[in-house]
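S.K.: Can you keep this structure in mind? I'll have questions shortly.
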Amino acid sequence: MANWYPGHMVATQKTIRELAPYVSGFVEVVDARAPSATRHRPLGSWIGKTPLIVVLNKAELADPSATQHWAAFLRADPRVLAVVTLTATDPRARRLLLGTIAARLAPPRRLSVVGLPNVGKSTLLNRMVGQNRVATGAKPGLTRGPQWIRPGDGWEWLDLPGVVTPSKTRDWRLQALGVVAIGPDETELVAQQLTTVLDKEMLGEFEAWGLKRGYLSNGGKLDRLRTAQAILSEFRRGKFGRVSLEAPE
Ligand SMILES: Nc1nc2c(ncn2[C@@H]2O[C@H](COP(=O)(O)OP(=O)(O)O)[C@@H](O)[C@H]2O)c(=O)[nH]1
Ligand SMILES: [Mg+2]
């Protein structure tokens, strides 16, 4: 799976630091299934005093009670102005986010969406501006600089086509969520770690699950790679139910 591209690495520290004075709030999108692993810690110092709104996205795939705990945990952070739990692919996300921000920030409202790769930044931004102006998915877009999008509703959105890059590139949660690539020999390890948090009744043991599916190699033994790939792909499609990969301390 592709994750990020050199041409996308433009929204770096420098860009964010330079643009922060012109932005009324940064919307940091994280994956609700792993809100700590998918936060970008350096962001806080880059944006200075500019308010930070945290979006727990892909909430429909996360364990609702874990997400509630995460929201409360993040709200307690004095650096965080607001926390919004949503599903960017759902049309209701727009009113939810606009309402929350409008209650806390006076106009003119100039927002910028930031976050790690694949957390749903482009999906959310498109939702907010009401059009498919921003390319989503794993395909690399055209390399271009930051630009303001003014949908005509009084809000202004800064499209930072680049993404912030994760510092921990071998974190199994980031790998399972598709934020960072899985190395050629790491697929089974990531899937094994994932099975430790999946509901045992749904998955059972790694081996048993693969055998039940009939994933056998030539010698009749379990095809471990295929089993691992199937576990990851079904997890990403929500086939194991609503699963969170970490809980707040
Ligand atoms: N299930 C689910 N998928 C989402 C959600 N938001 C975004 N996605 C998907 O996640 C993938 C990455 O989204 P994208 O907006 O390109 O992420 P970006 O790299 O942060 O800009 C795409 O396949 C989206 O359709 C969501 O709330 N729920
Ligand atoms: Mg994007």
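The values are calculated or read from the model by the stated rules, or taken from the named source; none is laboratory data. Everything quoted here is computed from the prediction, not taken from an experiment. No Cβ is skipped: glycine too gets one built from the backbone with ideal geometry, and neighbour counts run over all protein chains shown.
S.K.: Tell me, yes or no, whether segment 197-208 has at least one residue that is modelled with pLDDT of 90 or more, within 16 Å of ligand 1 (Cβ to nearest atom) and more than 27 Å from Arg94 (Cβ to Cβ).
M.R.: No, segment 197-208 contains no residue that is modelled with pLDDT of 90 or more, within 16 Å of ligand 1 (Cβ to nearest atom) and more than 27 Å from Arg94 (Cβ to Cβ).
S.K.: Of all residues in segment 124-143 being closer than 18 Å to Leu97 by Cβ and near ligand 2 (Cβ under 9 Å from one of its atoms), which is modelled with the lowest pLDDT? Write out each step before concluding.
M.R.: Start the filter on segment 124-143 by keeping residues that are closer than 18 Å to Leu97 by Cβ, which leaves 124-134, 136.
Going one step further and asking which of them are near ligand 2 (Cβ under 9 Å from one of its atoms), we end up with 125, 134, 136.
Details: Leu125: 96, Val134: 72, Thr136: 75.
Ranking the candidates gives Val134 first.
S.K.: Restricting to segment 8-33, name every residue that is surrounded by fewer than 19 Cβ atoms within 10 Å (Cβ to Cβ), at pLDDT 90 or above and farther than 22 Å from Arg104 by Cα.
M.R.: Arg17, Glu18
S.K.: Anything in segment 173-193 that is surrounded by fewer than 20 Cβ atoms within 10 Å (Cβ to Cβ) and of a type outside the set (A, V, I, L, M)? List them, or say none. Talk me through it step by step, then tell me what you get.
M.R.: The initial filter retains those residues of segment 173-193 that are surrounded by fewer than 20 Cβ atoms within 10 Å (Cβ to Cβ), namely 178, 181, 183-189, 192-193.
Gly178, Gly183, Pro184, Asp185, Glu186, Thr187, Glu188, Gln192, Gln193 - these are the residues of segment 173-193 that are surrounded by fewer than 20 Cβ atoms within 10 Å (Cβ to Cβ) and of a type outside the set (A, V, I, L, M).
S.K.: Applying the selection to segment 99-116, what residues are out of contact with any Phe, Trp or Tyr (no Cβ under 7 Å at 6 or more places or on another chain) and either surrounded by fewer than 16 Cβ atoms within 10 Å (Cβ to Cβ) or not β-branched (Val, Ile, Thr) (or both)?
M.R.: Selection gives Gly99, Ala102, Ala103, Arg104, Leu105, Ala106, Pro107, Pro108, Gly115, Leu116.
S.K.: Also, quick follow-up: Does Gln193 count as more than 15 Å from the chain's Cα centre (by Cα), away from ligand 1 (no atom under 16 Å from the Cβ) and at pLDDT below 95? Outline the logic, then answer.
M.R.: On the way: more than 15 Å from the chain's Cα centre (by Cα): yes; away from ligand 1 (no atom under 16 Å from the Cβ): yes; at pLDDT below 95: yes.
Answer is yes for this residue.
S.K.: Within segment 194-235, work out how many residues are assigned to a helix (DSSP H, G or I) and either at positive phi or surrounded by 15 or more Cβ atoms within 10 Å (Cβ to Cβ) (or both). Let's see the steps before the verdict.
M.R.: Filtering segment 194-235 down to residues assigned to a helix (DSSP H, G or I) leaves 194-195, 200-203, 206-212, 224-235.
Pick out the ones that are also either at positive phi or surrounded by 15 or more Cβ atoms within 10 Å (Cβ to Cβ) (or both) and you get 194-195, 203, 206, 209-211, 224-232, 234-235.
Selection size over segment 194-235: 18.
S.K.: Taking segment 156-176 on its own, how many of its residues are more than 16 Å from ligand 2 (Cβ to nearest atom) and in contact with a helix residue (DSSP H, G or I) (Cβ under 7 Å, 6 or more places away or on another chain)?
M.R.: Number of matching residues: 4.
S.K.: Hey, can you tell me all the residues within segment 45-91 that are surrounded by fewer than 16 Cβ atoms within 10 Å (Cβ to Cβ), closer than 30 Å to Leu198 by Cα, more than 16 Å from ligand 2 (Cβ to nearest atom) and not charged (D, E, K, R)?
M.R.: Within segment 45-91, Pro64, Ser65, Gln68, His69, Ala72, Ala76, Pro91 qualify.
S.K.: A follow-up question, please. Enumerate the strands (runs of 3 or more DSSP E) found wholly within segment 39-121, keeping only those where 1 or more residues are in the same structural domain as Arg150 (by TED's automatic domain parsing) and touching an Asp or Glu at 6+ places or on another chain (Cβ under 8 Å). Talk me through it step by step, then tell me what you get.
M.R.: Details: elements: 52-57, 80-85, 109-115.
In segment 39-121, the matching strands (runs of 3 or more DSSP E) lie at 52-57, 109-115.
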